[in-house]
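Quick note: the coordinates plus some simple rules give every number you see, no bench work behind them. Since the model is a prediction, treat every value here as computed from it, not as a measurement. Methodologically, a virtual Cβ is constructed for each residue, glycine included, from the backbone with ideal geometry; neighbour enumeration extends over all protein chains shown.
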Amino acid sequence: MRPLQKEDVKRLLRPLMRTRTVLEPAPRPSAAREFVATRFGGLPTAEEDERWPLCDGCADDLRFVAQVDYARDGLHDRLPIAFFTFFYCWNCHPWGRDRDRGGWLVRSYTQLRRPKVLVHGTGPDFHERHAVPHLAKSLPDWVGLRLHCPELWALGRGDYGFQNWVDRAALKLTQEHALRPHMRNAGVALGGYPWWANGGDETPLCTECARPMELLLQIRPTELTDARWGDVGTLYLFMCRTHTQHTGLRMQCT
Ligand SMILES: [Zn+2]
Ligand SMILES: [Zn+2]
């Protein structure tokens, strides 16, 4: 068998290419859009008849982390929703639990009919911050190739030189601004592939169709959000493209 050439690696990577939307800090949006504007912290928007969500673990109020005007700010190949909100419980801390419910909630909408801002007796849990979206390209992390390209994964297991070579080839194809080739999916982002901060690929499978879910939102600790998961915890929300009521949560800490 002839050794793998650079062109072979690119041939294997190219079909995996996805788009992602990177969110970066921005000034406050104009008043007209404030209802559904993407925000981290502050108060969430919901349908008129919806109430503040309770934790299904401890029955306390969940805390509001973020909402995304997905139809407007999702510049990538989006999942079929228009808006979503994300809540989390720091009492229960569903940290690495192997189940898809309990201690957190994603509410997603294909359209908001009568939106209102939900108020909370004790005020916002986190300082309100805003984001501006940028379109980027994305290829799987080295560890993500186990799921997305087993052929390449099998060739480079335990061979760090080879893995680094693949990382650099992927960076050339995506043309991302990354600190290092293996950090090319980092940041706060919608869609694309996750940056697995510390460990293997943990992409959840949909419990209805058994297919891998897609990344909905990745939150790295940045000035975009005051919410923290450990010192340097990265949080990943996933959603099935077909069954959007099925979502998954993962976390990795460095
Ligand atoms: Zn709880
Ligand atoms: Zn599904």
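Figures for the structure shown
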{"quantity": "Contact order relative to length of the chain, as percent, for alpha carbon pairs under 8 angstrom and 6 or more apart", "calculated": "23 percent"}
{"quantity": "Other-chain or far-sequence residues with amide H under 5 Å of D69's (modelled H)", "calculated": "T38, R39"}
{"quantity": "Cβ-Cβ FRET estimate between T242 and Y160, R0 fixed at 35 Å, reported to 0.05", "calculated": "0.40"}
{"quantity": "Nearest-0.05 FRET efficiency for C209 and A26, computed from C-beta distance (R0 25 Å)", "calculated": "0.10"}
{"quantity": "Length gained when the stretch E50-M17 is fully extended (0.36 nm per residue, less Cα-Cα span)", "calculated": "8.1 nm"}
{"quantity": "Separation of alpha-carbon centers, the range 195-254 and the range 110-124, rounded to whole Å", "calculated": "24 Å"}
{"quantity": "Protection proxy ranking, peptides 156-165, 199-208, 59-68, 136-145, average beta carbon neighbours within 10 Å, highest first", "calculated": "136-145, 59-68, 199-208, 156-165"}
{"quantity": "Value at 222 nm in deg cm²/dmol, rounded to 500, when DSSP H runs of n ≥ 4 in the chain each add -39,500 (n - 2.57)", "calculated": "-4000 deg cm²/dmol"}
{"quantity": "Cβ-based exposure ranking for T254, T225, in which fewest neighbours within 10 Å come first", "calculated": "T254, T225"}
